[in-house]
Amino acid sequence: MLANHIQNGIESARVAWSRIPNSDESQFSDHDGVGLLKKNDGSAVESLDYEVIENFAYREEQAHRRRKLYVSYLLVVKWFFALLIGICTGLAAVFINISVENFAGWKYSVTFNIIQKSYFAGFIVYIMINLVLVYSSVYIITQFSPAAAGSGIPEIKGYLNGVDTHGILLFRTLIGKVFGSIGSVGGGLALGKEGPLVHTGACIASLLGQGGSTKYHLNSRWFNVFKSDRDRRDLVTCGCAAGVAAAFRAPVGGVLFALEEVTSWWRSQLMWRVFFTSAIVAVVVRTAMGWCKSGKCGHFGSGGFIIWDVSDGQEDYSFAELFPMAIIGVIGGLLGALFNQLTLYITTWRRNHLHKKGNRVKIIEACLVSLLTSVISFGLPLLRKCSPCPEPDPASGIECPRPPGMYGNYVNFYCSKDNEYNDLATIFFNTQDDAIRNLFSAKTINEYSSQSLLTFLVMFYALAVVTFGTAVPAGQFVPGIMIGSTYGRLVGMFVVKYYRKLNIEEGTYALLGAASFLGGSMRMTVSLCVIMVEITNNLKLLPLIMLVLLISKAVGDAFNDGIYEEQARLRGIPLLDSKPKYEMRNMIAKEACGSGRVVSFPRVVKVSDVFSILQSNTHNGFPVIEHTRSGEPLVIGLVLRSHLLVILQSKVDFQHSPLPSDPRGGGRSIRHDSGEFAKPVSSKGICLDDIHLTSEDLEMYIDLAPFLNPSPYIVPEDMSLTKVYNLFRQLGLRHLFVVPRPSRVIGLITRKDLLIEDAENVNTLELRATSVRSLMLYSF
C-alpha cells in the first residue's frame, strides 16, 4: 500500500510539473511508422536502415568478401578511421579552445586597460566586443548552417537511436558548429562549448566515413568505404566519445558518455575502437597543450581546457558531513528539474512565436541576450562593495589582489584601495572556465560572501535559461557546473561556519554541487561521475560524487525527463527509450499496426504503378506479394522506397515483359552494387521530383525480386507490444512485419545450433549440432 501511495504521488507531481503544450500528438500522423515524421519546425526526420538488407546485391558482395584477406582489410580500415577521428576531433577542439581563449583574453585585457581611465568607456567597449562575437555566431548559424544551432546532442542521440534529422551531419554544419561556438562562447553568453564539441566529433566521423563532402568538392573515393547506416553509426559513436574526451580531457568519461547517454546499441568490438579514439584525442590535446605552454598560442597557456585540479583540497570527510552533502543532491535534483522545465517552456514559446518570424528575429534575439548578459556581468560587480584582502599565505601561492587583466582569484574591480578585491567580479567578470576554477579553489575560505554567491546564482541561472534555445551553438555542461558550484559553495560556507572543522574546504562542496546539478538536469550517473573525477584529479571524492549523483537523479526523475530527452521530444525526434511504457504490457502487436490498409507491390510491377504509389504516400517500406499457383498470396520480402527511387532513376532494370525475369526468384545478374542504394548521411537523397520518366518508361515493368529483402523480421499478431518494442529497439529496426500466427514449425534453433566453427577449408562452415541438418516438421 505504501509503495502504491508513493508511486501515485510521484506520478501526480510529474503530471503537475510537466503540463506544457504537447506537440507529440501532431507529429506522428503516419501511424504505421514507415513514413517521414514531421518536426515542429517543418523539416522532416527519417528512420535509418540499421537492418542488413539481404537482397541479391548484398549477397553477391558477401560472396566476394568471404576471403580472410578482405576481412583483415576491413578491420584495419576501421581502426584507421578511429585513428583519423581521434586526430581530427582533437585538432578541432584545440582550434576552438585556442580561439575562444584568445578572444576572451584579448577582450578582458582591453577592457581592463580602458577601465583604468574610464569605467563607462570600458563598459561600452566590453559590450561591443561581445556583441560583435555573438552577432558573428548567430549570422553563421542563420545564414549558413541552421542545423548547427543548440548543443546537437539530442539530434545525435536520435541518430544513434535510429532517426536521421536532415542536415545534422553535413560539412556546413561542422563549419557552423566550430566557428559558431567560438563566437557564442567567446562572446560571454551563459553557455558552453562541450555539447557542440560532441556534435563536432560526430560530424567529423560521418564526413570521414562517407569520403568527405561532394557538394563542396572535398571528397575522396579512397575514404568512401563505409556506405551502410550500420557502419556509419559506429563511426558517429566514436566521434561522440571523441568530442567528450576533447572537451574535458576525459577519455574514459568520453567512452562511458557514448555508452550511457547517446548510443542505443553497443557491442564489445565497438568499445575497443571508441576507447582507442578517445585515447588518441587525449594524446593530441596533451601535445597541443605542451606546445602552447611556450607562449606560442597567445592568451591560451596552461589553462583553457576544462580541468580543475582539486587534489590539494579536502582530504577527508566525516560521517556528519554526509547530511549536508545529501542536501546538495536534493537541491541539484530540484534545480535541475526546474531548469529542464523552464527551458522547455521558453523554447516552446520561442519556436512558436519568435523563430517563425524569420532569421532577422533570431539575430535580434541573440544580440539582445548578449546585451543583457554584458550589462549584468559588468554592471552587477559595480554595485558590489569591495572586501579587504586576507592575510597573505605564501604556501597557497594565491596573490591578492590580482592585477587587472590577469586570471585568478581576488580580482580588483572598481575598488577604492589597492589591497581590496571584488568577490562578485571574480566569478562574474571572468571567463566561465576561470570562474569555475575560482569556485573550486581550495584554501580560499571566506573569499566569497553569501550575498555575492546568491546574487550570482539567481542571475546566472536566469541567464542560462534565457540563453538556452537561441540560434547559436550552445552546450549545457559548463553553465550547469557554474550553477551547481555556486550553491554547493553556499552549502560549504554553512558547513564551515556551523561544523567548525578545520579540514573542510568550500571548494569540495562546490564540486559536489556541480555534479548534483548536472545529474539533476542531464540524469547521467556513471559517465558523469567519471568525468568529474577526471577533470578534478581527486579520486578521494568519488564516493561523495556518486552519492550526490544518485540523489539528484532520483529527485529529478520524479518530475520530468532529462534535458536531452525533453529537447528531443520538443524537436520532434521520436526516441525509443531503453524500456517500453507500462501500458504496452496489455497491448499486442496487431493493435499497434493501426487500421489503415497495408500498401504492397506485386513481384513484377508496372513502372507507372510504382511512380503513382510513391507519389500518393510517404511510406518508406512496402511488402512484396507473389501469388502461388493456387492463388494464395505469399509475402516474399520487403522493398524500400529509397531502392525504388534508385531503380526509377537509373532505368536499367526496366523490362517489357510482365513476367518474372527469373522464375526461380532473383538469381539473375544485378546491375547495381549495394553502395548505389546507400543514402548520403543527413541528406534527403533522391526525391521523386528528380526522376523524369517518359510515356514509354511508364508502360514498362520492374521485377522487384533482386532488390527486396527476402528475410525481414516478422512477429505474430498476438505478441505483446513489450516484446515487439524490445525487439525493435535492440535490433535497430526500421520495419517489422506483423503476420497471423503460423500453422506449422519446420525446425527449432537452440544455442548450440548457432556455434559455428571454421573447417580446414575457409569457404566451408560446419555446424556443431546436427539438429539443423535433420529438421523435423511439426504441425499444430
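Looking only at the range 631-638, decide whether some residue is under 33 Å from the mean Cα position of the chain (by Cα) and either outside any helix (DSSP H, G or I) or under 19 Å from residue 713 (Cβ atoms) (or both).
Taking the range 631-638 first, the residues under 33 Å from the mean Cα position of the chain (by Cα) are 638.
In the following step, the residues that additionally are either outside any helix (DSSP H, G or I) or under 19 Å from residue 713 (Cβ atoms) (or both) were identified as 638.
Checked the range 631-638: at least one residue is under 33 Å from the mean Cα position of the chain (by Cα) and either outside any helix (DSSP H, G or I) or under 19 Å from residue 713 (Cβ atoms) (or both).
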Among the residues of the range 587-615, what is the count of those that are touching a residue at least 60 places away in the same chain (Cβ under 8 Å) and assigned to a helix (DSSP H, G or I)? 10
Per-region count, the range 247-301, residues assigned to a helix (DSSP H, G or I), of a type in the set (S, T, N, Q) and open to solvent by less than 60 Å² (accessible area, probe 1.4 Å): 2
From the list 119, 73, which one is surrounded by fewer than 23 Cβ atoms within 10 Å (Cβ to Cβ), in contact (Cβ under 8 Å) with a residue 60 or more places away in the chain and not aliphatic (A, V, I, L, M)? 119
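Go through the residues of the range 449-459 one by one and say whether even a single one is more than 30 Å from residue 357 (Cα to Cα) and in contact with a Pro (Cβ under 8 Å, 6 or more places away or on another chain). Steps first, answer last, please.
Just the residues of the range 449-459 that are more than 30 Å from residue 357 (Cα to Cα), to begin with: 449-458.
Restricting the remaining residues to those that are in contact with a Pro (Cβ under 8 Å, 6 or more places away or on another chain) gives none.
Taking every residue of the range 449-459 in turn, none turns out to be more than 30 Å from residue 357 (Cα to Cα) and in contact with a Pro (Cβ under 8 Å, 6 or more places away or on another chain).
A quick yes/no check of all residues on (1) open to solvent by 10 Å² or more (accessible area, probe 1.4 Å); (2) closer than 30 Å to residue 289 by Cα:
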residue	(1), (2)
109	yes, yes
115	no, no
132	yes, yes
149	yes, yes
199	no, yes
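Of these, 475, 469, 484, which one is in contact with a Pro (Cβ under 6 Å, 6 or more places away or on another chain) and over 17 Å from residue 402 (Cβ atoms)?
Details: 469 fails: in contact with a Pro (Cβ under 6 Å, 6 or more places away or on another chain); 484 fails: in contact with a Pro (Cβ under 6 Å, 6 or more places away or on another chain).
Only one candidate passes the filter, namely 475.
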How many residues, within the range 580-611, are of a type in the set (A, V, I, L, M), open to solvent by 40 Å² or more (accessible area, probe 1.4 Å) and farther than 9 Å from residue 721 by Cβ? 1
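Can you pull out the residues in the range 616-635 that are hydroxyl-bearing (Ser, Thr, Tyr), free of Cβ contacts under 8 Å to residues at least 12 places away in the same chain and closer than 30 Å to residue 651 by Cβ?
Residue satisfying the conditions is 616 alone.
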Of the residues that make up the range 350-361, is at least one under 29 Å from the mean Cα position of the chain (by Cα), farther than 16 Å from residue 465 by Cα and β-branched (Val, Ile, Thr)? yes
Exactly one of (1) under 13 Å from the mean Cα position of the chain (by Cα); (2) modelled with pLDDT of 90 or more is unmet by residue 140. Its number? (1)
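Please work out if residue 273 is modelled with pLDDT under 95, touching a Lys or Arg at 6+ places or on another chain (Cβ under 8 Å) and closer than 30 Å to residue 676 by Cα. Steps first, please.
Values: modelled with pLDDT under 95: yes; touching a Lys or Arg at 6+ places or on another chain (Cβ under 8 Å): yes; closer than 30 Å to residue 676 by Cα: yes.
Spelling it out, residue 273 is indeed modelled with pLDDT under 95, touching a Lys or Arg at 6+ places or on another chain (Cβ under 8 Å) and closer than 30 Å to residue 676 by Cα.
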Yes or no: residue 724 closer than 27 Å to residue 230 by Cβ, at pLDDT 90 or above, in a helix (DSSP H, G or I) and open to solvent by less than 30 Å² (accessible area, probe 1.4 Å)? yes
Within the range 166-184, can you find the residues that are of a type outside the set (Lys, Arg), buried (at least 24 other Cβ atoms within 10 Å of the Cβ) and touching a strand residue (DSSP E or B) at 6+ places or on another chain (Cβ under 7 Å)? 180, 181, 184
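Condition check ((1) under 18 Å from residue 380 (Cα atoms); (2) touching a strand residue (DSSP E or B) at 6+ places or on another chain (Cβ under 6 Å); (3) at pLDDT 90 or above) across all residues:
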| residue | (1), (2), (3) |
| --- | --- |
| 415 | yes, no, no |
| 442 | no, no, no |
| 445 | no, no, no |
| 488 | no, no, yes |
| 495 | no, no, no |
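The values are calculated or read from the model by the stated rules, or taken from the named source; none is laboratory data. Note that the coordinates shown come from a computational prediction; the quantities given were computed from them, not determined experimentally. Because the Cβ atoms are built from the backbone with ideal geometry, glycine has one as well, and the counts that use them run over all protein chains shown. With ligands, DNA and RNA removed, areas are computed over all heavy atoms of the protein, side chains included. Shrake-Rupley method; radii C 1.70, N 1.55, O 1.52, S 1.80 Å.
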